[in-house]
Amino acid sequence: QVQLVESGGGLVQAGGSLRLSCAASGRTFSSYAMGWFRQAPGKEREFVAAVSWSGGTTNYADSVKGRFTISRDNAKNTVYLQMNSLKPEDTAVYYCAAASSWYPAEPPDEYDYWGQGTQVTVSS
């Protein structure tokens, strides 16, 4: 069982930056690939970024490539999402998720555990 708690969301102006954190419970954090997803009002949950067990392999949605960076610190049981050059269309609830595999997959159904989400609002 893995419990995930996101933090770091908030209100920011377009062009600004935020860093999201996701703290995981349990001693097997390094056994899970970790992902970030987001869901805007009236839209389906969509993949944002993911990172492999070791942090050596990452995967990004085209819409965030070059602006967002995912990383993890296995010693701290934490995964991060650094978001730069934010746009109003990035506004959503951001969710952290853990997958019982090494590969940073895109489909949400590859992930076994989910956090409660943190709101990110980007004003124009």
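Assorted remarks:
- Accessible surface area normalised per residue over the chain is 51 Å², counting heavy atoms of protein chains with a 1.4 Å rolling probe.
- The chain: C-alpha pair distances exceeding 16 Å, %: 56
- Once the chain from SER63 to SER124 is taken as fully extended at 0.36 nm per residue, the excess over their C-alpha distance is 20.2 nm.
- Contact order for region 9-76, expressed relative to its length and based on alpha carbon pairs under 8 Å spaced 6+ residues apart, stands at 22 percent.
- If the segment from GLN3 to SER31 were pulled out straight at 0.36 nm per residue, it would be longer than the present Cα-Cα gap by 8.7 nm.
- Ligands, DNA and RNA aside, ASP109 has an accessible area near 130 Å² when probed at 1.4 Å.
- Loop-resident trypsin sites (Lys or Arg not before Pro) (DSSP state other than H, G, I, E or B) in region 1-43 with no more than 12 further Cβ atoms inside 10 Å of their Cβ: ARG27, LYS43.
- Carbon plus sulfur fraction of accessible area for the chain, probe 1.4 Å, in percent: 46
- Using the Cβ-Cβ distance between SER54 and GLU89 with R0 set to 25 Å, the FRET efficiency works out to roughly 0.20.
The values are calculated or read from the model by the stated rules, or taken from the named source; none is laboratory data. Note that the structure is a prediction, hence the values are computed from the model and not measured. All Cβ positions, even for glycine, are placed from backbone atoms using ideal geometry, and neighbour counts span all protein chains on display. Areas reflect the complete protein model, heavy atoms only, side chains present, ligands, DNA and RNA absent. Shrake-Rupley method; radii C 1.70, N 1.55, O 1.52, S 1.80 Å.
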